[in-house]
Amino acid sequence: MRKPTLNFIINALMLFCMSAVLGIGLLIKYTLISGQEQLIKNGYKNKLSFLSMDRHEWSSIHYIIGYILIGLLILHITLHLKAIKSVFKRLCYKKPVLKIFSIIFFTICFLFLILPFVVNPSSKNIINQNKIEHIQSHRNH
């Protein structure tokens, strides 16, 4: 397969994956809201689904497509590594500030990548006032 054809296919698949990740993420966030969000908004919970899948099943698809996108991105960068190196050398050789900026930029990107593996989240009990009022109103009736 010729390189331009391969690049086109990879780029098209990346666009498809990015669109799917974004669309599914928005579906999960704004349409298939969590039971807690439903309780706050409506005072009750329903099992919401789209195409016979709930938010957790859509989250799994979202996650898998995200990994496929990462793989395609790595492949894309690998295929363009020579051009990337050439542009980087040309820019950073003439402007040392860009070299410093690049180091800072890649350091921040690296920190974003390792962050989920090194953070220790804090935990706090949250009492849902709406839920308590809802339970108390049912006890009184």
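Where a number appears in this text, it was derived from the coordinates with a stated rule and is not lab data. Just so we're clear, the structure is a prediction, and the values are computed from it rather than from any experiment. Ideal geometry is used to build each Cβ from the backbone, glycine not excepted, and the neighbour counts take in all protein chains shown.
Which entry in (1) -0.38, -0.67, -1.00, -1.27; (2) -0.26, -0.53, -0.90, -1.24; (3) -0.63, -0.95, -1.18, -1.28 matches log10 I(q)/I(0) by the Debye sum over Cα atoms at q = 0.10, 0.14, 0.18, 0.21 Å⁻¹ derived from the coordinates of this structure? Answer by label: (3). Extending 7 Å from the Cα toward the beta-carbon at both R90 and F110 defines two label points whose distance is 2.7 nm. Cross-link check: pairs K29/K124; K3/K99; K29/K99; K3/K29; K99/K124; K29/K85 evaluated at a Cα-Cα cut-off of 32 Å; pairs beyond the cut-off: K29/K99; K3/K29; K99/K124; K29/K85. Shown for the chain are the DSSP H helices of 30 Å or more along their axis, judged by Cα atoms, with a mean Kyte-Doolittle hydropathy of at least -0.5: 3-26, 55-79, 96-118.
In the chain, the calculated helix contribution to ellipticity at 222 nm averages -25500 deg cm²/dmol per residue, counting -39,500 (n - 2.57) for every DSSP H run with n ≥ 4.
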